[in-house]
Amino acid sequence: MFDNQSKELQEMRESVRKLAHKLIPQFRSSEFYNTVPRRLFSSFAELGLAGLSIPEDYDGIAASAATSAAVLEEVAAVDLGPAIFISVHSMVSGIIARGGSEDQKRRYLPKMSSGEFLGAFALTEPSAGSDARNLKSSAKRDGDTFILNGSKCYITSAGWADLYVTFAKTSENGEEGISCFIVEANTPGLIISSPEKKMGCELSPIASLTFENMRLAKSQLLGTLHKGYATALGGLAGGRVNIAACANGLSRTAIEKAVAHLNERQQFGSKLMEFQGLQFMLADMQMKYEAARLLTLNAADLLDQATKSPEARMAPSIAKCYATDAAMQITTDAVQLLGGAGYIKDYDVERLMRDAKMLQIVEGTNQIQRMLIARELAKAAA
Ligand SMILES: Cc1cc2nc3c(=O)[nH]c(=O)nc-3n(C[C@H](O)[C@H](O)[C@H](O)COP(=O)(O)OP(=O)(O)OC[C@H]3O[C@@H](n4cnc5c(N)ncnc54)[C@H](O)[C@@H]3O)c2cc1C
């Protein structure tokens, strides 16, 4: 059913796992926190990870959603940060590949594939988060150009990205009046704040963007005028599967660390692993992880087949919501199983718990995923 057992994928997984273990620890210091270490991005690009969503004609590897999920799980199992900026880059390159003009594809995709260009996704605004269609940024037509004004917040890779796929109002017609633009980082009128200080995910910066009378050529419009909201939703479906995969990476590492600790630490004259109460916690963690992986693979498979059914529309939300809630629970339980050590940074389990929290919020909070699932059920029953 899934292509997650193919020899080619197993080899790619293995290469990604090895590279992640070798390279990422070199960037775990305050010098690199809240930056996108471009050497790290380039090294993953050499393995094809910058071209996951890019067709071979534009130098990408056109990976299936199942392959993307598998490799992102490997990166996140070592550190969530690079998995997030690669996932966002992949969502953005996928949007350009599906909806861009031939000129846009030739201009951006080969450079995105090689890792020369990093992509970012700019939808959220200070007054439009979950209610993204209510955004205020506007792009007003002026002859052959658009004048973009407004602001975005919490944008992954802001300050490091080379291009921002940006959503703005082009008419006052609600979600039917939103358009999508490619904003290059060096366009006059783009102001980027310093990175936010956040709770975790240190190797993936976020910052705010302000557009001040930015003049964009008509050629920077991505897709059809006023149809940008559908473009955003299309990108987010794949993005949610990737976020689920990232959550699974955190869960897997948390379980591995908990097992190692329970096998080693003794209290009351026995290994912790011999206490049934702890065994039951561990079993629950593993069951949740395996269920989350299957839901992720199912959602990826439905995306790959471009299935159009209520189940297929719900699947990315179900995978994202379940896997990230599971990761939150699993990483919290891992901290508990390590006792005091779980709370100490050197043991590297508390990081997983802080990172898991982010995944319940991004790409549509888990309340919003539940709303989307319930909406599909209601529609199907109507
Ligand atoms: C680390 C990080 C990286 C991010 N990266 C990006 C990025 O690259 N690009 C981008 O565009 N955005 C990005 N975001 C923004 C993210 O997508 C938003 O934070 C998220 O969609 C929630 O929006 P909000 O923060 O405005 O919360 P709000 O919408 O204000 O929600 C606050 C709370 O209310 C709940 N809520 C809201 N409406 C409802 C409702 N109708 N029913 C029930 N509950 C509801 C929410 O679930 C949440 O719990 C990032 C955020 C973070 C933290």
query: Hey, among the residues in the stretch 162-172 that are assigned to a strand (DSSP E or B) and farther than 15 Å from Arg215 by Cβ, which one's farthest from the ligand (Cβ to nearest atom)?
result: Lys169
query: For the stretch 195-203, does any single residue satisfy the condition of being assigned to a strand (DSSP E or B) and either surrounded by 15 or more Cβ atoms within 10 Å (Cβ to Cβ) or not hydrophobic (A, V, I, L, M, F, W, C) (or both)?
result: no
field: Which listed residue, of Ile191, Ile243, is of a type in the set (Val, Ile, Thr) and either outside any strand (DSSP E or B) or under 19 Å from the mean Cα position of the chain (by Cα) (or both)
entry: Ile243
- line: Among the residues of the stretch 48-77, the number that are surrounded by 24 or more Cβ atoms within 10 Å (Cβ to Cβ) and of a type in the set (S, T, N, Q) is 2
Neighbours by Cβ (under 7 Å, 6+ apart or cross-chain): first from the stretch 192-216, assigned by TED's automatic domain parsing to the domain that holds Ala83; second aliphatic (A, V, I, L, M): none
message: If a residue must be buried (at least 16 other Cβ atoms within 10 Å of the Cβ) and of a type in the set (Phe, Trp, Tyr), how many such residues does the stretch 246-305 contain?
response: 1
- line: Checked the stretch 190-206 for anything under 23 Å from Asn134 (Cα atoms) and more than 10 Å from the ligand (Cβ to nearest atom); matches are Leu190, Ile191, Ile192, Ser193
field: the stretch 354-382, subset free of Cβ contacts under 8 Å to residues at least 40 places away in the same chain, more than 10 Å from the ligand (Cβ to nearest atom) and part of a helix (DSSP H, G or I), residue farthest from Ala291 (Cα to Cα)
entry: Ala381
query: Picking from Leu377, Leu338, Leu372, Leu352, which residue would you name as being under 13 Å from Ala247 (Cα atoms) and of a type in the set (A, V, I, L, M, F, W, C)?
result: Leu352
- prompt: Just for the stretch 233-269: of the residues that are of a type in the set (Lys, Arg) and either touching a Lys or Arg at 6+ places or on another chain (Cβ under 9 Å) or outside the structural domain of Ala315 (by TED's automatic domain parsing) (or both), which one is farthest from Leu282 (Cα to Cα)?
  reply: Arg240
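For the stretch 331-347, give me each residue that is outside any helix (DSSP H, G or I) and crowded, with 16+ Cβ neighbours inside 10 Å.
Leu338
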message: Condition first: touching a Gly at 6+ places or on another chain (Cβ under 8 Å) and within 25 Å of Ala97 (Cα to Cα). Now tell me which residues in the stretch 134-153 satisfy that.
response: Leu135, Ser137, Ser138, Leu148
- request: Output the helices (runs of 4 or more DSSP H) that fall wholly within the stretch 54-161 and possess 1 or more residues being within 13 Å of the ligand (Cβ to nearest atom), or say none.
  value: 80-99
- line: Over the stretch 173-189, the set of residues more than 16 Å from the ligand (Cβ to nearest atom) and in contact with a Ser or Thr (Cβ under 8 Å, 6 or more places away or on another chain) is Gly177
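The values are calculated or read from the model by the stated rules, or taken from the named source; none is laboratory data. The shown structure was predicted, so the numbers you read here are calculated from the model rather than taken from an experiment. Note: ideal-geometry Cβ built from the backbone for every residue, glycine included; neighbour counts use all protein chains shown.
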